[in-house]
Amino acid sequence: SIIFQEPMTSLNPLHTIERQVGEILKLHRGLDDKSARARVLELLHKVGIEQPEKRLAAYPHELSGGQRQRVMIAMALANEPELLIADEPTTALDVTIQAQILQLLADLQKEMGMAMLLITHDLGIVRRMAERVYVMKSGEIVEEGRMEEVFTNPQHPYTRHLINAEPKGDPPKADDSRPVVVETEDLKVWFPIKAGLLRRTVDHVKAVDGLSLKLRAGQTLGVVGESGSGKTTLGLALLRLISSKGPIAYVGRRIDGLTQKQMRPLRKEMQIVFQDPYGSLSPRLSIGQIIEEGLVIQQPQLSYDECRAKVGEALREVGLDPDSQDRYPHEFSGGQRQRIAIARAMVLGPKFVMLDEPTSALDMSVQAQIVDLLRDLQRKHDLAYLFISHDLKVVRALCNYVIVMRNGRVVEEGPAEEIFSNPQQDYTRELLAAALNLAVTEKTAATG
């Protein structure tokens, strides 16, 4: 059996969980509806889904990322396979959920006595799970051996490159004398829950609930927390892309009361880089058209040649060939696409950039390159970054100040150095413990 990387796209959105898991049992085991239902419940319970009876009629979009991945594992285990192929099984998940899924796979492997082929770019996961390692490059195996041997004494240059590719950096402490770019106090984003025939509001989802922050020029504010903690909602509210309550100031000017028309001149100074470089670039447009779109709207006086020149300069700044403007997104790798997304944000000369999980879809070595690029651009243009991530290794490499969110509230905040060296809250310690457990590889390899 096989577990795929992204459970949201590998599960059928039109079918319930019971139907999808049960289909395998009916096809391969010939079970009737009643027997299949009982076996589905047993499998959901085995993979750690709480109240499985209530999940039988659920659709994939009604489950969290971790729950969807557990359903995928249940489907893979339905026929008690001798070999389980796990293809990047935790890439899209938060660190705490990653740790839970890996522990689940290890427990199930021991209980069922099956072999597991684990495909991943995260060396921390390899260190934790594997007994034997094969390193691949360009379709060929360049090194193989027992896990301890490969990590403590890598023979091939590519293996050494992978082991040393963790994003590194020691950001300076936040300088409180720098001008404030974005500020908010007691910010709230509540989504109504409606029920009944008249669709009356019966409660609210408090996505952001009474949050205050200051982001200064040249600094990176890291926002960490599990899925559903309100990280992305916070960023969208600060950019005035969703409704919120509470004062928001940009470079000393209140913007929370401005209309969308009044906001338009400020849009060029407030940009966003999205998580998925595959989904955030239109496949129908060339990269030149993608990057120049903001220029056409914000600076309509520019001629065609002037636009091309600015796009070329933006591409050069992010390390891409300026002459590649007429190529399309599918012709580029994931890391190159993320550079294109960064160029699209930078071409307008912003002061504030929201980075929403910009490295989570990328390999470790490419992550390090993107972190270095972001750091160079920040230094050159004095940018203020709001860096949203669940990857604490990247946060540690890039951020001066960190806030930890849970259920819409800040549970802890402070200089990054203090948060990582001396966390005060149990939840922060839990996040760090999960991340450091997965990240132990690089440290061991570096000292080995």
Which of rounded, prolate, oblate describes the range 139-220, given a ≥ b ≥ c as roots of the alpha-carbon gyration tensor eigenvalues and a/c under 1.5 marking rounded, otherwise prolate only if a/b is larger than b/c? oblate
What are the ³J(HN,Hα) values, in whole Hz, obtained from phi via the Karplus relation 6.51 cos²θ - 1.76 cosθ + 1.60 with θ = phi - 60°, for each residue of the range 344-350 in sequence order, with x given for Gly and Pro? 4, 6, 7, 4, 8, x, x
Hey, can you grab everything whose amide H is under 5 Å from the amide H of G145? Only 5+ residues off in sequence or another chain; H modelled, so Pro and N-termini drop out. V133
Could you give the length gained on full extension between L83 and I141, defined as 0.36 nm per residue of separation minus the Cα-Cα distance, in nm? 18.8 nm
List the residues, sorted by chain then number, that are 5 or more residues from V410 or on another chain and whose placed amide H is less than 5 Å from its amide H. none
Once phi is turned into θ = phi - 60°, what whole-Hz ³J(HN,Hα) does the Karplus curve with 6.51, -1.76 and 1.60 give for every residue of the range 217-229, x standing for Gly and Pro? 4, x, 10, 10, 9, x, 10, 10, x, 6, 4, x, 7
Given Cβ charges of +1 for Lys and Arg and -1 for Asp and Glu, the option among L117, G66, T90 whose Cα lies farthest towards the positive end of the dipole of the range 2-119 is G66
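In deg cm²/dmol and to the nearest 500, what is the mean residue ellipticity at 222 nm of the chain if only DSSP H runs of at least 4 residues count, each as -39500 (n - 2.57), divided by the residue total?
On the way: 18 runs with 194 residues, N = 448.
Calculated from helices alone, the mean residue ellipticity at 222 nm is -13000 deg cm²/dmol.
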Expressed in nanometres to one decimal, the distance between label points 7 Å along Cα→Cβ at Q262 and H161 is 5.3 nm
Simple label model, 7 Å out from Cα along Cβ direction - R254 to R29, nm: 6.3 nm
The distance between the Cα centres of the range 346-373 and the range 103-136, in whole Å, is 29 Å
Calculate one ³J(HN,Hα) per residue across the range 310-318 by plugging θ = phi - 60° into the Karplus curve 6.51 cos²θ - 1.76 cosθ + 1.60, and present them in order as whole Hz with x for glycine and proline. 5, 5, x, 5, 5, 5, 4, 5, 9
Would you mind ranking V366, V180, V394, V47 by Cβ crowding within 10 Å, fewest neighbours first? V180, V366, V47, V394
Can you return the lysines within cross-link range of K231? Criterion is Cα-Cα under 24 Å, with same-chain partners fewer than 8 residues away left out. K168, K173, K188, K194, K206, K214, K245, K268, K351, K393
Under the 0.36 nm per residue contour assumption, what length would be gained going from the current alpha-carbon distance of K188 and S243 to full extension? 18.9 nm
Three semi-axes of the equivalent ellipsoid, the chain, Cα gyration tensor, whole Å, largest first: 38, 29, 23
In range of the label at L117: residues from the range 135-173 whose backbone nitrogen is under 19 Å from the point 7 Å along Cα→Cβ: 135-147
Least to most buried among C307, C399 (fewest other Cβ within 10 Å first): C307, C399
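Near F4, within a Cβ-to-Cβ distance under 12 Å, what is the net charge of the other residues, with Lys and Arg +1 and Asp and Glu -1?
After counting each charged neighbour, the total is -2.
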Between rounded, prolate and oblate, where does the range 2-119 land on the alpha carbon gyration tensor, with a ≥ b ≥ c its root eigenvalues, rounded for a/c under 1.5, else prolate if a/b exceeds b/c? oblate
Around Q298 (Cβ within 15 Å, Cβ-to-Cβ, excluding Q298; K/R +1, D/E -1) the net charge comes to +3
For each of F352, F332, F387, count neighbouring Cβ atoms within 10 Å of the residue's Cβ, then give the residues from fewest to most. F332, F352, F387
Residues with beta-carbon under 9 Å from that of G408, excluding G408: net charge, scoring Lys, Arg +1 and Asp, Glu -1? +3
Residues with amide H under 5 Å of I2's amide H, sequence separation 5 or more or different chain, H placed in the peptide plane at 1.01 Å from N; which? I85
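Is the range 314-367 rounded, prolate or oblate when judged by the Cα gyration tensor, a ≥ b ≥ c being the square roots of its eigenvalues, rounded requiring a/c under 1.5 and prolate requiring a/b larger than b/c?
Note, shape of the range 314-367 comes out oblate.
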Considering Cα pairs under 8 angstrom that are at least six residues apart, work out the relative contact order of the range 228-306 and quote it in whole percent. 15 percent
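Here, each number is a calculation from the coordinates, and none is a lab measurement. Given the structure is predicted, the values throughout are model-derived calculations rather than measurements. FYI the Cβ positions are ideal-geometry reconstructions off the backbone, even for glycines, and counts take in every protein chain you see.
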